1. Identify all residues within region 28-52 that are of a type in the set (D, E, K, R) and either over 15 Å from L191 (Cβ atoms) or assigned to a helix (DSSP H, G or I) (or both); write none if there are none.
2. Of everything in region 44-53, what is touching a residue at least 40 places away in the same chain (Cβ under 8 Å) and crowded, with 23+ Cβ neighbours inside 10 Å? Give them in sequence order.
3. A13: of a type outside the set (D, E, K, R) and on the phi > 0 side of the Ramachandran plot, yes or no?
4. Identify, by number, the condition in (1) of a type in the set (A, V, I, L, M, F, W, C); (2) surrounded by 16 or more Cβ atoms within 10 Å (Cβ to Cβ); (3) modelled with pLDDT under 90 that A220 doesn't meet.
5. Within region 172-184, restricting attention to residues that are surrounded by 12 or more Cβ atoms within 10 Å (Cβ to Cβ) and not aromatic (F, W, Y), which residue is farthest from the chain's Cα centre (by Cα)?
6. How many residues are closer than 17 Å to W158 by Cα and surrounded by fewer than 18 Cβ atoms within 10 Å (Cβ to Cβ) when one looks only at region 185-199?
7. Could you say which residue among V25, V59 is closer than 24 Å to E193 by Cα and either in a helix (DSSP H, G or I) or touching a Cys at 6+ places or on another chain (Cβ under 6 Å) (or both)?
8. Scan region 17-36 and give yes if some residue there is farther than 26 Å from L155 by Cα and loosely packed, with under 14 Cβ neighbours inside 10 Å, otherwise no.
Amino acid sequence: MPEDVFSVDRCLAFIFETETAVTFVGEGVQSIAEWDATKDRRIVGLHLLAQSFERLLKVTKALIQLGEEGTLQSSRELRNLYGHVLSGLLDDVLAACRSDETFTAGPAIRCDIEFLASNELWRAMLDVLSELGSGGRYHDLDTMLDGNARPESPLDLWEIIEMDICKTDPKWLALMEADPAAFSRQWYPVLSEIQAETLHRAAERSPECGLWALPNRMVAR
């Protein structure tokens, strides 16, 4: 890493930023994993996840440029390039990862890159987090103030994903119609586990794979 680019203050900021993002991931996933259709903290979790994934991806994208060109992108440059749209940012990070044969030498890394690029549930979740970051986070405030916010809130969009998961197994739809109380008791723990496992896989499945590990691995390049 070029010493003239990364001062002590910048190095500390990198550490703090990455640690904050990882903490937000953990808190966000926990709020999704613990939901059982009673006390609902999902929207808090979505805010934390949107922030954490954006932070991890932007740190990693900046470090990729640092490794390739010896310079860091400014915060304005990153905002102008991507805004809060995480799918394009992720795709550019993954393209850089794929171009480094040393980085992708391990089969676990290749597997995780493929998951991040093409898993349908993860990508649908990422789109909702992008919507939240791009303005959806103010849906309720805008509705209160203006009465004309977007028709679907980020939580509405998240619930569409949840219903799509439910539709993949006809037994859950049948139970929902036959016995709503039993459906609620049985389905929501399963749903939370599916969502949490997908988010864990994307973010922090192991110390060497997933998004949270990319910044440290890019520094070591």
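1. Residues satisfying the conditions are K39, R42.
2. L46, L49, A50, S52, F53, listed by residue number.
3. It is false that A13 is of a type outside the set (D, E, K, R) and on the phi > 0 side of the Ramachandran plot.
4. Tallying (1) of a type in the set (A, V, I, L, M, F, W, C); (2) surrounded by 16 or more Cβ atoms within 10 Å (Cβ to Cβ); (3) modelled with pLDDT under 90, A220 fails exactly one: (2).
5. For region 172-184, the residue satisfying everything is D179.
6. Taking region 185-199 and keeping what is closer than 17 Å to W158 by Cα, we get 187-199.
Still in the running and surrounded by fewer than 18 Cβ atoms within 10 Å (Cβ to Cβ): 188-190, 193-194, 197.
Of the residues in region 185-199, 6 are closer than 17 Å to W158 by Cα and surrounded by fewer than 18 Cβ atoms within 10 Å (Cβ to Cβ).
7. Numbers: V59 fails: closer than 24 Å to E193 by Cα.
The conditions single out V25.
8. Yes - at least one qualifying residue is present in region 17-36.
The values are calculated or read from the model by the stated rules, or taken from the named source; none is laboratory data. Source: prediction; values computed, not measured. Don't worry about glycine lacking a Cβ; one is built from the backbone with ideal geometry, like all the others, and counts go over all protein chains shown.
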